[in-house]
1. At 222 nm, what helix-only mean residue ellipticity would the chain give, in deg cm²/dmol to the nearest 500, using -39500 (n - 2.57) for each DSSP H run of four or more?
2. Mind sorting Ile186, Ile152 by how few other Cβ atoms lie within 10 Å of their own Cβ, fewest first?
3. Assuming a ≥ b ≥ c are the square roots of the Cα gyration tensor eigenvalues, decide whether the chain counts as rounded (a/c under 1.5), prolate (otherwise, with a/b larger than b/c) or oblate.
4. Excluding same-chain residues fewer than 8 positions from Lys14, which aspartates and glutamates have a Cα within less than 14 Å of its Cα?
5. Can you put Ile242, Ile33, Ile211 in order, fewest other beta carbons within 10 Å first?
6. Relative contact order for the chain: what is it in percent, counting Cα pairs under 8 Å that are at least 6 residues apart?
7. Could you name the lysines in cross-link range of Lys223, using Cα to Cα under 25 Å and dropping any fewer than eight places away on the same chain?
8. Just tell me which aspartates and glutamates come within less than 16 Å, Cα to Cα, of Lys221; anything on the same chain fewer than 8 places away is out.
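Just so you know, all these numbers are worked out from the coordinates, no wet-lab data involved. Since the model is a prediction, treat every value here as computed from it, not as a measurement. Positions of Cβ are generated from backbone atoms using ideal geometry, with glycine treated the same way; all protein chains shown enter the neighbour counts.
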Amino acid sequence: MFYNGAKCDIYIGKGAGKKLLNDIRNAKQSVKIVSPYLSPFLISELINFRKRNLEVVLITTDNLEDFYGNHEKNIHKLIIQNRNTDKEAVEKREKWKDLSKRLTYIGIGVLLILIGLAYYIRELKVAFGLIPILVIFLIIKLYKNKIKNKRIYSYWYSQLFPFKVYMSPDSTEESDTFIHSKIYLIDNKIAYLGSLNFTSSGTKYNYETRIRTEDKNAIEKIKEEIHNLLNHSHLPERDIQIWGKHLYSEPIN
């Protein structure tokens with residue numbers, strides 16, 4: 001993309017992101033961000049924006065956040081697990097449970113009868129009565145395994161707000177293109193471009209360069225670029241369904 005003649009403000013140095021953060025936090029309608037690196041506390045900001053019913057869009061790379069480990073992470077708030085229940089499978093499993101329970105009662109009843117007969121008759125042939133009892137309990141075990149392995153839940157994953165995670169060249173051989181842009185579009189009226197990532201170091205501490213513009217023609221071009229990155233890029237990206245399966249457990253019943 002190339003656009004010339006836009007009116008803009010330029011800032012170079014430490015603290016280049018201070019005004020950016022102020023503009024983002026004062027957003028009234030939307031916040032759209034392209035940044036290859038993110039800090040967890042700034043992802044939290046985006047989550048809070050969504051709670052305020054602002055339109056939030058995020059384009060980043062698979063450096064989004066390391067999701068391994070047991071502690072709670074923002075990624076679990078960004079990727080939401082949804083569960084569907086197979087009603088027919090539930091009904092079938094409940095029938096198996098009921099049948100297993102009845103067979104258990106029958107097996108225990110027959111065993112008690114056999115113990116009584118053995119006490120009064122005291123003959124070895126009474127032991128043959130154990131055979132049907134063993135058969136009953138083998139059938140019970142079979143049904144318990146069927147109940148345990150019966151899948152009644154299926155899972156799918158959705159996003160808290162629209163975001164796309166492109167794979168870096170380090171994690172895929174499908175592309176050598178790295179989305180290294182840093183673009184911030186606020187309320188479709190204010191845009192920032194420059195070197196600073198959406199990280200605490202980038203917005204507060206690093207020596208960075210950023211450009212701020214409200215030029216309408218430039219804003220339209222930037223808005224179009226974000227839309228294309230979100231919807232029409234052919235670069236390899238993280239599949240949210242596969243990612244969700246890594247993040248969450250999926251008990252079958």
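1. Result for the chain, helices only: -13500 deg cm²/dmol.
2. Ile152, Ile186
3. It is prolate, given that a/c is not under 1.5 and a/b is the larger ratio.
4. Glu208
5. Ile242, Ile211, Ile33
6. Working: 383 pairs, mean separation 91.2, N = 253.
Normalised by residue count, the contact order of the chain is 36 percent.
7. Hits, sequence-local ones excluded: Lys7, Lys18, Lys19, Lys28, Lys32, Lys51, Lys164, Lys182, Lys189.
8. Asp187
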